[in-house]
Amino acid sequence: MSPATNGYCLPPEAILQLIDAPETPHVSLSPDRAHLVLLQPEGLPPIAEVARPELRLAGLRIDPRNHGPSRLSGYTGLTLQRLGDGTQRPLAGLPPARRYAWIAWSPDSTQVAFCAVTDEGIQLCTADLDSAVVRSVTGPVLNASYGMPYTWLPDSSGWVTRQLVPDMPPPPEPPETPLGPNVQESLGRTAPAPTFQDLLRNEHDDALFVWHTTCQLVRVGLDGAATSLGEPGLYRRCEPSPDGSVLLVDRAEPPFSRLVPVHRFAHAIEVWAADAAWTRTIARVPLAEEVPITFDAVPTGPRSVGWRDDAPATLHWVEALDGGDPAVPAEVRDRLCLLAAPFEGDPRALTDLALRCGGVRWGDEGLALIYEGWWKNRHERVWQVAPDEPGAEPNLLFDRSFEDRYSDPGTPLMRPAGNGRHVLHRLDGALLFLGQGASPEGDRPFVDRLDLATGETTRLWRSEAPWFERPVALLDEAGPRLLTVRESPAEPPNYHARDLATGELRPVTTFRHPYPDLRDVRKELIRYPRDDGVQLTATLYTPPGWSPDHGPLPTLLWAYPREFKSADAAGQVTDSPYRFPRISPHGPLPMLTQGWAVLDGPTMPIIGEGDTEANDTYVAQLVASARAAVEELVRRGVGSADRLAVGGHSYGAFMTANLLAHCDLFQAGAARSGAYNRTLTPFGFQAEERTYWQAPEVYAAMSAFMHVDRIKAPVLLLHGEADSNSGTYPMQSERLYNALKGHGATCRLVLLPGESHGYRARESVLHMWWEQTEWLNRFVNDPRP
């Protein structure tokens, strides 16, 4: 391994083949549950695409050539499959494109729409089930700067689209010479903010933002007939009501901000007639620069505005009654409001909540589920309400800690309403809940029936060993037939039709093993105690053919710490011994091809019970968890104390640097895209709500940069040069490398051109694996002087 490399390098052949292996198709189920669309994910794009010019404006990353997201992933092929007999038909007539994205079924299940994304623009296409032939509905005129640029109309007659404004002048050029200084001013108002990136910096950025995000709303029919709606504007959203009579429009407005991204800009919320003949302003929400930084802090004014899914045209939204500040004592935090057509007068308060509203699932005039929660104590409640019965008392369905996975009741099953909406599936006075089924023996997904009259729960089905089977949807209204995804350590996930009444199981898809050379990898879910009694979990992988008789292996621990309020919750089992080992290009499992063992996801809980702050003892708990994992590896004969490496991405990289600074358990580390100096994120990070000025000793203790003189093991630092994640500036890795080098440490810094927080280009990912295998083999598996 040289001090510097010229160009990108390739990893060992076995890893290269894993990275290039086609991914298993994704699946989209039609609303009538009669068809699937099989979507073939694209492979890793070339560096030439990732390194293309992009605009970074107000938190958006825009491709200036096609007016869409600059880092969009999509599909290379679409195939229709009939659920009943498995007949498959690839879509014919796909227009040439770099990728196909934003796939959506029509509400009546007769069409599949998607966008063809090219270097020149984005066009809307559709295919009907009868012919399986693709038609282009628009030219390359869609504006996807905010994401998905179209929405189906409820009657499946067409779409509302966001399109480029015809005859727009060229984009504004930057001034040849500065017009003056860029000035920001604060006149004593408290406005803390996280370390957002890609913010607007000057007036030219403002002009570019307006030019690229201004769009024209256009109604497009199935035949391509187009009708413009209203005037061009900074439209972030346009959503038809469930009955199609009106449109909900969200439009960004100046003043813009140098402190926060576009989702906090001032915006107008309006209702338009379907043909834009009239408009009504529901609210003008001001710029949200002064939202407190703590969890459960929210902007003032209406938020989470949307259509009630079970009503023809009724808006719902939430408003904070405590000023949006969790620090303000209040018996009522949020109010859920309703306003029906014709959208006049004051809204009706559906209910007041003592915690923050976490969402609503609508059923019908007599049933909705309202979720509320509070981060500080992890409290969650679910209420059953009757939306059209003012004054009716809500019924408390669930009252629990949301970090307690064992008590999670699951998610209520929803059914298509025929207009693009989904409502609660009420079945003989009951709701069905689909759950992950966390338990001491691992995750065992389930289907439960909750009787709404009695509150009693009956288990209808539960995944059984040696399979991991997850319910996806009902295949009929009566409920005995389920669509599930079934897998095992040796068999990849495939869809099945399961009859709950007879137990019959019929395969729906037959996806092949994506990496057959690793079919015999051994996977084991292991449990072991920390020295304070907290039970820890990890998933242990060993290479094909290995047994303890062969002796210990070089071992990589790959982890990501998490915070808990309860030691009991922290000790709960995660994962399942029966899940298929998915090998991600960004995860640790490719090391199995190099004869390494991998301890994936060893729990590193940071616990702060009661009023105790978890991070006050971050380092001690982190080291204790790592030591427990190492001792378990040695006890099992899998690893040896002299051939261990630790690694992680983002907060896992932060963990890696801290472990190398505060213990001598590992011979080397690999840290990707981390933050190592917490004074650069002074208004909180991860689950830490206190500012640097409130807890300077905690920020210092948790910053590996402050303890760099204690890092003796070789450390590999990788970072994307265009990292957009809040807090993980590339400077974090650059400064840590400089500090390590200044103290004589063995270290290497790799900056990947064009890459953001996660690495996308094939060349970047392959080079990342070359760096990691070379580094870890050099300093762990085959130490050299």
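The rows are residues; the columns are (1) at pLDDT below 95; (2) assigned to a loop (DSSP other than H, G, I, E, B); (3) open to solvent by 40 Å² or more (accessible area, probe 1.4 Å).
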residue: 56; (1), (2), (3): no, no, yes
residue: 61; (1), (2), (3): no, no, no
residue: 77; (1), (2), (3): no, no, no
residue: 80; (1), (2), (3): no, no, no
residue: 84; (1), (2), (3): yes, yes, yes
residue: 100; (1), (2), (3): no, no, no
residue: 107; (1), (2), (3): no, yes, no
Looking at 539, 502, 484, 509 in this structure, which one is buried (at least 18 other Cβ atoms within 10 Å of the Cβ), of a type in the set (Ser, Thr, Tyr) and in a loop (DSSP other than H, G, I, E, B)? 509
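Which residue, of 306, 323, is of a type in the set (Gly, Ala, Ser) and under 24 Å from the mean Cα position of the chain (by Cα)? Walk me through how you get there before you give the answer.
Numbers: 323 fails: under 24 Å from the mean Cα position of the chain (by Cα).
Exactly one residue qualifies, and that residue is 306.
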Suppose we keep only residues that are over 30 Å from the mean Cα position of the chain (by Cα) and in a strand (DSSP E or B) within region 437-458. Which one would you say is nearest to residue 384 (Cα to Cα)? 451
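One line per residue, one yes/no per condition, for (1) open to solvent by less than 10 Å² (accessible area, probe 1.4 Å); (2) out of contact with any helix residue (DSSP H, G or I) (no Cβ under 8 Å at 6 or more places or on another chain); (3) under 19 Å from residue 663 (Cβ atoms):
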residue	(1), (2), (3)
576	yes, yes, no
587	no, yes, no
591	yes, no, no
602	yes, no, yes
605	yes, no, yes
613	no, no, no
624	no, yes, yes
Strands (runs of 3 or more DSSP E) within region 386-427 that include 3 or more residues open to solvent by less than 70 Å² (accessible area, probe 1.4 Å) and modelled with pLDDT of 95 or more: 395-401
Given (1) open to solvent by 30 Å² or more (accessible area, probe 1.4 Å); (2) at pLDDT below 95, residue 147 misses just (1)
Between a first residue in region 649-662 that is over 19 Å from residue 599 (Cβ atoms) and a second residue that is not in a helix (DSSP H, G or I), which pairs have beta carbons less than 7 Å apart while being 6 or more apart in sequence or on different chains? 661/711
Can you give me the ranges of the strands (runs of 3 or more DSSP E) entirely in region 597-688 with at least 3 residues that are more than 24 Å from the chain's Cα centre (by Cα)? 639-649
The one condition in (1) closer than 28 Å to residue 66 by Cβ; (2) in contact with a Lys or Arg (Cβ under 6 Å, 6 or more places away or on another chain); (3) exposed (fewer than 15 other Cβ atoms within 10 Å of the Cβ) that residue 184 fails to fulfil: (1)
Being in a strand (DSSP E or B) and closer than 15 Å to residue 660 by Cα is the filter here, so list the residues in region 716-750 that pass it. 716, 717, 747, 748
Residue that is in contact (Cβ under 8 Å) with a residue 12 or more places away in the chain, in contact with a helix residue (DSSP H, G or I) (Cβ under 7 Å, 6 or more places away or on another chain) and hydroxyl-bearing (Ser, Thr, Tyr), where the choices are 156, 109, 145: 145
Starting from region 125-139, keep only residues that are under 16 Å from residue 82 (Cα atoms), then list their pairs with residues that are β-branched (Val, Ile, Thr) whose Cβ atoms are within a distance under 8 Å, requiring at least 6 positions of separation or different chains. 127/112; 127/133; 127/134; 128/110; 129/110; 129/112; 130/110
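Hey, among the residues in region 352-379 that are acidic (Asp, Glu) and farther than 17 Å from residue 318 by Cα, which one's least open to solvent (accessible area, probe 1.4 Å)?
Selected residue: 364.
Looking at this structure, is residue 239 open to solvent by 20 Å² or more (accessible area, probe 1.4 Å), part of a strand (DSSP E or B), of a type in the set (Asp, Glu) and more than 27 Å from residue 729 (Cβ to Cβ)?
So residue 239 fits the description; yes.
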So which residues in region 508-536 are closer than 29 Å to residue 41 by Cβ and among the basic types (Lys, Arg)? 512, 519, 522, 523
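From 495, 528, which residue is open to solvent by 10 Å² or more (accessible area, probe 1.4 Å), of a type in the set (Phe, Trp, Tyr), in contact (Cβ under 8 Å) with a residue 60 or more places away in the chain and not in a helix (DSSP H, G or I)?
Step by step, each of 495, 528 is checked, and only 495 is open to solvent by 10 Å² or more (accessible area, probe 1.4 Å), of a type in the set (Phe, Trp, Tyr), in contact (Cβ under 8 Å) with a residue 60 or more places away in the chain and not in a helix (DSSP H, G or I).
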What's the number of the condition residue 746 fails, among (1) hydroxyl-bearing (Ser, Thr, Tyr); (2) out of contact with any Pro (no Cβ under 8 Å at 6 or more places or on another chain); (3) open to solvent by 10 Å² or more (accessible area, probe 1.4 Å); (4) under 30 Å from residue 15 (Cα atoms)? (2)
Do the conditions hold for residue 458, that is, is it touching a strand residue (DSSP E or B) at 6+ places or on another chain (Cβ under 7 Å) and over 17 Å from residue 446 (Cα atoms)? no
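Residue by residue, here is whether (1) touching a residue at least 12 places away in the same chain (Cβ under 8 Å); (2) of a type outside the set (Phe, Trp, Tyr); (3) assigned to a loop (DSSP other than H, G, I, E, B); (4) out of contact with any Phe, Trp or Tyr (no Cβ under 8 Å at 6 or more places or on another chain) holds:
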| residue | (1), (2), (3), (4) |
| --- | --- |
| 28 | yes, yes, no, no |
| 31 | yes, yes, yes, no |
| 45 | yes, yes, yes, yes |
| 65 | yes, yes, yes, yes |
Starting from residues that are part of a strand (DSSP E or B) and touching an Asp or Glu at 6+ places or on another chain (Cβ under 8 Å), keep the ones in region 220-236 and report whichever is surrounded by the fewest Cβ atoms within 10 Å (Cβ to Cβ). 227
Can you say whether residue 259 is among the hydrophobic types (A, V, I, L, M, F, W, C), open to solvent by 10 Å² or more (accessible area, probe 1.4 Å), under 27 Å from the mean Cα position of the chain (by Cα) and closer than 17 Å to residue 214 by Cα, as far as the supplied structure shows? no
Residue in region 694-710 that is nearest to residue 728 (Cα to Cα), counting only those that are part of a helix (DSSP H, G or I) and open to solvent by 60 Å² or more (accessible area, probe 1.4 Å): 705
Within region 139-162, track down each residue that is among the aliphatic types (A, V, I, L, M), assigned to a loop (DSSP other than H, G, I, E, B) and more than 24 Å from the chain's Cα centre (by Cα). 141, 153
Going through 455, 442 one at a time, which residue ends up being of a type in the set (Gly, Ala, Ser), open to solvent by 40 Å² or more (accessible area, probe 1.4 Å) and at positive phi? 455
Is region 323-340 home to any residue that is under 30 Å from residue 607 (Cβ atoms), assigned to a loop (DSSP other than H, G, I, E, B), touching a Ser or Thr at 6+ places or on another chain (Cβ under 8 Å) and small (Gly, Ala, Ser)? yes
Selection count, region 4-45, where residues are under 28 Å from the mean Cα position of the chain (by Cα), open to solvent by 60 Å² or more (accessible area, probe 1.4 Å) and under 21 Å from residue 753 (Cα atoms): 1
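The values are calculated or read from the model by the stated rules, or taken from the named source; none is laboratory data. Please read these numbers as outputs of a predicted model, since none were measured by experiment. Ideal geometry is used to build each Cβ from the backbone, glycine not excepted, and the neighbour counts take in all protein chains shown. Accessible surface areas use protein heavy atoms only, side chains included; no ligands, DNA or RNA. Shrake-Rupley method; radii C 1.70, N 1.55, O 1.52, S 1.80 Å.
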